[in-house]
1. Here's a check for you: in the range 137-186, which residue that is assigned to a loop (DSSP other than H, G, I, E, B) and closer than 22 Å to residue 333 by Cβ is modelled with the highest pLDDT?
2. Just one of 354, 379 is in contact with a helix residue (DSSP H, G or I) (Cβ under 9 Å, 6 or more places away or on another chain), in a strand (DSSP E or B), touching a residue at least 40 places away in the same chain (Cβ under 8 Å) and farther than 27 Å from residue 658 by Cβ; which is it?
3. Take residue 427 and tell me if it is in the same structural domain as residue 500 (by TED's automatic domain parsing), out of contact with any strand residue (DSSP E or B) (no Cβ under 6 Å at 6 or more places or on another chain) and within 15 Å of residue 701 (Cα to Cα).
4. What tally of residues in the range 195-212 results from selecting those that are crowded, with 21+ Cβ neighbours inside 10 Å and modelled with pLDDT of 95 or more?
5. Of the residues that make up the range 213-221, is at least one outside the structural domain of residue 316 (by TED's automatic domain parsing), under 24 Å from residue 291 (Cβ atoms) and surrounded by 17 or more Cβ atoms within 10 Å (Cβ to Cβ)?
6. Could you list, in sequence order, the residues of the range 216-230 that are part of a loop (DSSP other than H, G, I, E, B) and over 30 Å from residue 285 (Cβ atoms)?
7. Please determine, by comparing only the residues of the range 732-745 that are surrounded by fewer than 20 Cβ atoms within 10 Å (Cβ to Cβ) and in a loop (DSSP other than H, G, I, E, B), which one is modelled with the lowest pLDDT.
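The values are calculated or read from the model by the stated rules, or taken from the named source; none is laboratory data. Remember, predicted model here, so these are calculated numbers, not experimental data. We place every Cβ from the backbone using ideal geometry, glycine too, and count neighbours over all the protein chains shown.
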């Protein structure tokens, strides 16, 4: 007989094998090549070449389906460094001999490869540039500009003098770091050399103005009429026979007359439209300008960068929000291609774009159209009409443009969005966040729609550092400096209260909210003691403590008396009410008069080892693979994992793919799942990562397709400490049930509608039961009952200890479990009983003591459990 676990695993494996046999990946319209190339170029015959510095390092040629390594023994042990293209359309490849300043240059066209030069230069070159007269130039991140002679030798053509540089951040006599030098050819055949800090660094030395080679000599022009010489060059492109486009970062766009060297500012279609130009492109008869900040500090939104088109003398904003992350390293080389009546344009973090030349709206080419690449670094037009898209160090894919633009239907219950700051969830299942730095509002998701709550003027959305929910379900907004105002939003009053800073905000809670906690695993989690003391871990990695009268601070070395190290988590008030903090797995307790002392270990709140264990989630049995690419566990005990570009949901013994084999979805792009927030309606917000510069937090939202299962619970008392739970569900197909008591972890799924609870400790207990359907959707409002045990605790503990000597092993195990439910009462009684026990009883008592001590050390307090969603 095949079990449910075996059936789920077998079905998933068969599905995976069928997909692999077809050469497809789940939902993927065409196969891709995972060769990690780092640059690509096309020769005049249509052949596409690429280089890789990873094993196997070398040069590759696209064979129509994949990157095929090219056997080119003439280069020996040299590794490819850069690609270029000469005036005849041949691809040039620069190779570096490892450990030396020796370089090789090879030429590739059609199926022919040949070595054309061997030379030595004292600096690492960065780019190969070939002009229209056949001259090959080598520019790098140093002052030397080199030219290759027809004999294959490299000669120093020009050395930029120190006074011809802007030296930023360090004196001229110090060893400078240089920005890369680029080159462009004007309409008269002159070569203009200039520094581009965008892919380098603004703090590095850069060439003042331009250096012009007229065919015989170099001439430096440090100041260009009409522009400020302290501004950074962002782009320099040939416009026509007598003019160049010149863009200055954090300034404007200019037209530069190549004869007079006078720059004229281009009128902007709106204020600051060309303040941050990244790239200037020509497609057909239209000029395009990509404009937007490349640094996080300049941006006000998580969707950045605009595309402007100049047509018949008029500027039009074609796309507002090309990218979802910043890309300073690649923005100056953003790929584009004119093909099939439009412009193909690469983006950072959200697929690609196709801009039709007929003026119709642009199309975003992302997962909704089955496109697997969130970023594209090269677009190339293959001879057979397909489009080759290359993501450096990731993968490549060749597709027919018509197929790509037609796309496929995405599921209606899925969408993606990006927030400025990470979302947090309150106890009612509502989500809170700062969705945009442009809008001064706190956003609230109630399970159906977003609500906007205006921020107080003291709290700026672009400066909000993190959000946290306190134990009274208020939302705290902390800005990116400890001295900036803090806003607290109270949903019950629908109003904000602003405070001058974080300490002032904490002080204001004294006398009204003792025992408060602010946050869970966010920065600066703060705890309040019942008698009015406060502790938190400051952004400067200092334990910050208010003892009722004075604020005190300690770094880790002040606590331990040793070397500086990191804290395991925020400080907390231990079970005896003393200030405590964990360092390297050891608990340090502060007492008045005696200072810090090492004590018996007690698990802190959101300690690092807890968080690390949460990240290293163990797969439940029955999953499709033992090696997922990412896996997390949500607050309701469900596992979410990614494997081979598919998303799965699992519980012990149950594992189902979230999407069908023909559906397109965001995980085709290889996204991980890093955490999950569920709302009050059963919708899942899957956090899949951040932008490189923390400009945005990316989410995939799965809307519960419904109808969701509803659960009923009946409780019957069988004895003074034993209860029977009876479950039922409205699920139309097969249902499973999970249950928990007092906020502890959920049980494994069961089809048995009856569970017995034995040996419950005295007091009131909250029991929750939730039904799960065949899609592993859980009832978002579990059935709940409160049961009360009326038994003398000491009498019950004595009964458990007596059962440790029973001849029935099952009765002994049940007694141990009962003792572990109330460890604080059980531990002293067990130690007393051990002194009088016989050897057989002592073994079981020792086992119970070990389990009880472990439970006492690691179990969160009831107040902490109550604060968990």
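1. Per the criteria, the residue is 186.
2. 354
3. On the way: in the same structural domain as residue 500 (by TED's automatic domain parsing): yes; out of contact with any strand residue (DSSP E or B) (no Cβ under 6 Å at 6 or more places or on another chain): yes; within 15 Å of residue 701 (Cα to Cα): no.
When the stated conditions are applied, residue 427 does not pass them.
4. Adding up the residues that qualify gives 2.
5. No - not one qualifying residue is present in the range 213-221.
6. 216, 217, 222, 223, 228, 229, 230 - these are the residues of the range 216-230 that are part of a loop (DSSP other than H, G, I, E, B) and over 30 Å from residue 285 (Cβ atoms).
7. If we take residues in the range 732-745 being surrounded by fewer than 20 Cβ atoms within 10 Å (Cβ to Cβ) and in a loop (DSSP other than H, G, I, E, B), then 732 is modelled with the lowest pLDDT.
Condition check ((1) under 27 Å from residue 58 (Cα atoms); (2) surrounded by fewer than 19 Cβ atoms within 10 Å (Cβ to Cβ)) across all residues:
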site	(1), (2)
84	yes, no
95	yes, no
111	yes, yes
124	yes, yes
149	yes, yes
157	no, yes
164	no, yes
177	no, yes
190	no, yes
